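Structure record follows, encoded as structure tokens.
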Amino acid sequence: LLRRREYYPTAWLPDGVLVLTAGVDVQRDRLECTVYGWGEGKECWAIEHRVIYGAPDDDTTWCALDAFLSTPRQLQSGASIPVACTCVDSGDGLFTANVYRYTKARERSRIFSVKGRGGVGVPFINPPTRGNTAAATLFTLGVDAGKSLVMSRLAIDEEGPGFVHFPRAECFDEV
């Protein structure tokens, strides 16, 4: 992955980015959020990674995530692209209820809870459920299928459909 890093602008989004998504991993002392840009043929660019220090049971931690997700990201033309959808991992167990409360209140902004499930034959994306304490929309992700998809995309050597780009940016040095 380190050899695969490339230079692309930090002041604006790389050419080819059409939509942005974000993924959030919940840890006991922080949230880790990565924004990805997507182009034609599912070509993907890692755009930005932010570590938000603070307990996931503290509202100020989630407010900091809101601020990060709402940060304007621009094309070279000056047009802004918002984060279109965010998935927050609720599988920790300790802070699951906090994640559900956070995502439930933001479903109109397309911020959803996700939880991984291992096993052969489990589809990568499953229909959402609401059978949790907050009735939050929860998507179960097939971990094995997801890892297989990631590895197949990383095997693509030429830029274009399915290729994954990584920047030479400090925020990605140890991710």
| Where the centre of each part is set by its Cα atoms, how far does the range 133-148 sit from the range 1-78, in angstrom? | 20 Å
| remark: Expected max-MSF residue from Tyr102, Tyr53, Tyr36 in the GNM of the chain (alpha carbon, under 10 Å) is Tyr53
| query | Which net charge results for the neighbourhood of Asp92, defined as the other residues with beta-carbon distances under 13 angstrom from its beta-carbon, given Lys and Arg at +1 and Asp and Glu at -1? | reply | -2
| request: Quick one: net charge around Asp157, please, counting Lys, Arg +1 and Asp, Glu -1 for every other residue with C-beta under 12 Å from its C-beta. | output: +1
| field | Gaussian network model of the chain, Cα within-10 Å springs - most flexible of Cys85, Cys63, Cys44 | value | Cys63
| task | Over the chain, with every protein chain in place, what whole percent of the accessible area is carbon and sulfur at 1.4 Å, could you tell me? | result | 55 percent
| remark: Note on the chain, DSSP bridge orientation, antiparallel percent to nearest 5 equals 55 percent
| message | Using helices alone, I'd like the mean residue ellipticity at 222 nm for the chain: each DSSP H run of four-plus residues gives -39500 (n - 2.57), total over residue count, nearest 500. | response | -5500 deg cm²/dmol
| So what is the accessible area of the range 1-104 per residue, in Å², with the probe set to 1.4 Å? | 52 Å²
| With springs only between Cα atoms under 10 Å, which of Thr103, Thr140, Thr60 fluctuates most in a Gaussian network model of the chain? | Thr60
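The values are calculated or read from the model by the stated rules, or taken from the named source; none is laboratory data. None of the values given here were measured: they were computed from a predicted structure. For neighbour counting, all protein chains shown are included, and Cβ atoms are generated from backbone atoms with ideal geometry for every residue, glycine included. Protein only, heavy atoms only, side chains kept; ligands, DNA and RNA dropped before computing areas. Shrake-Rupley method; radii C 1.70, N 1.55, O 1.52, S 1.80 Å.
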